[in-house]
Amino acid sequence: MLPSNPGLTRRRLMLGAALAPALAVPARAAAWPDRPVKLVIPFGAGGSVDVVGRLLAEKLAGILGQPLIIDNRPGGGTAIGAQYVARSAPDGYTLFYGTPATQIINPSLVPNLPYDPDRDLVPTGSVMRAPNLLVMHPGAGVRDIAGLIALAKRRPGELTFASGATGSTNHLSGELLNSMADIRLQHVPFRTFGAYSSELLAGRINMCFGTISDMMALTATGNLLRVAVTSAARSPLMPDVPTVAETLPGFEATAYNYIAVPAGTPQEIVLAVNAAFNKALADPEVAARMRATGLQPIATDSPDQAAATIMAERTRWKRVIDAAGIKLEG
């Protein structure tokens, strides 16, 4: 039997076809996740970021009702992992563990990135901030930031500081100190923590900025001095160690970590990812284990707050990068 109004029927069918994808998105989002979720970490297994990712994965498995699988994709200053996620389906099943390099530092430092830092990845929320600890070899003859600045002014370009990579927050912490104190410490990059820690212990390198957990272990024997932390407030792990800001007001250098998803991921899933990670980060056991290594978990930020933090951090570090004239090959 023919319909009474074929034209109207065709229009209804066309409208239904047009609405079908839009109606399907909330349905998929409401069911998320119905299979394991992958968290891409752009570093190798065993590093500090990997440890945090696996700690969160343990807790999130119970929150999500699905396994959170860690996928380590190191290389390219996080570009390999970022590119992989940017090209993944925007369905909430491939997440990215972001560190300062990907969307904060690389845009000002690396030409021809294989991903667009603004268009390809959407932050879902914050994970933590990781302050650094400045340690020095006692052979330099100073024990605090004021003494270091005075010595550096007398011997411009002679004092050296190490880092594991050019453009890392460890490196940029030193460049920020150069800029704010109007001094010239000489940066010496190394490939591994072991390489520069041995040089520091031998006194061939004067100082370095490193993660609190690494530097606490390195200074445990008393052969190196704990000079200052780079966070705005003193670390509960070392309340007797001052902040750099107590001598240079406004100084703060912490590595901001966050979670992101491919652009185009439905907003319902973005918010669901945010809620799940915030719940994991607020868990007392997770928070305590992170703080025990000097990390500062962030369990309250929205996707918009994370995006705003990324842009503010990019602006701040771009000034430091430009002032120091740092460049990397793409």
(request) Please say if segment 131-246 is rounded, prolate or oblate, where rounded means a/c under 1.5 for a ≥ b ≥ c the square roots of the C-alpha gyration tensor eigenvalues, and otherwise the choice is prolate for a/b larger than b/c and oblate otherwise? (result) rounded
(request) Mind checking the full-extension length gain between Glu285 and Arg316? Use 0.36 nm per residue of separation minus the Cα-Cα distance, one decimal, nm. (result) 7.9 nm
(message) Out of all DSSP beta bridges in the chain, what portion is antiparallel? Express it as a percent rounded to 5.
(response) 60 percent
(message) Need one word for segment 260-330: rounded, prolate or oblate. Basis is the Cα gyration tensor (sqrt eigenvalues a ≥ b ≥ c); a/c below 1.5 gives rounded, then a/b vs b/c decides.
(response) oblate
(request) May I ask for the angle, rounded to the nearest 10°, between helix 145-154 and the longest principal axis of the chain, with both axes built from Cα atoms and the value confined to 0 to 90°? (result) 70 degrees
(message) Under the 0.36 nm per residue contour assumption, what length would be gained going from the current alpha-carbon distance of Ala150 and Ala324 to full extension?
(response) 60.6 nm
(request) Quick one: check the C-alpha center-to-center distance for segment 193-217 versus segment 130-144, whole angstrom. (result) 10 Å
(request) Determine the relative contact order of the chain: mean sequence separation of Cα pairs under 8 Å and six or more apart, normalised by residue count, in whole percent. (result) 25 percent
(request) State, to one decimal in nm, how far the label point of Ile70 lies from the label point of Ala202, with both points 7 Å from Cα in the Cβ direction. (result) 3.2 nm
(request) Taking H placed 1.01 Å from N in the peptide plane, check which residues at least 5 places from Leu39 or on another chain put their amide H under 5 Å from its amide H. (result) Ile69, Ile70, Asp71, Leu95
(message) Test of understanding: what is the full-extension gain from Glu158 to Gln267, defined as 0.36 nm times their sequence separation minus their Cα-Cα distance?
(response) 34.0 nm
(message) Ignoring everything except DSSP H segments at least 4 long, calculate the 222 nm mean residue ellipticity for the chain; use -39,500 (n - 2.57) per segment, divide by total residues, nearest 500.
(response) -13500 deg cm²/dmol
(message) If I compute P(r) over Cα pairs in 20 Å bins from 0, in percent from the structure I just sent, which labelled value in [x] 30, 56, 14, 1; [y] 27, 53, 18, 2; [z] 30, 50, 15, 4, 1 lines up?
(response) [z]
(request) Rank by packing, highest mean first: peptides 163-170, 285-292, 200-207, with packing defined as the count of other Cβ atoms within 10 Å averaged across residues. (result) 163-170, 200-207, 285-292
(message) Need one word for segment 49-150: rounded, prolate or oblate. Basis is the Cα gyration tensor (sqrt eigenvalues a ≥ b ≥ c); a/c below 1.5 gives rounded, then a/b vs b/c decides.
(response) oblate
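Values quoted throughout were computed directly from the atomic coordinates according to the rules given, and no laboratory measurement underlies them. Computed from a predicted structure; not experimentally measured. Heads up, the Cβs are rebuilt from the backbone with ideal geometry, glycines too, and the neighbour counts pull from every protein chain shown.
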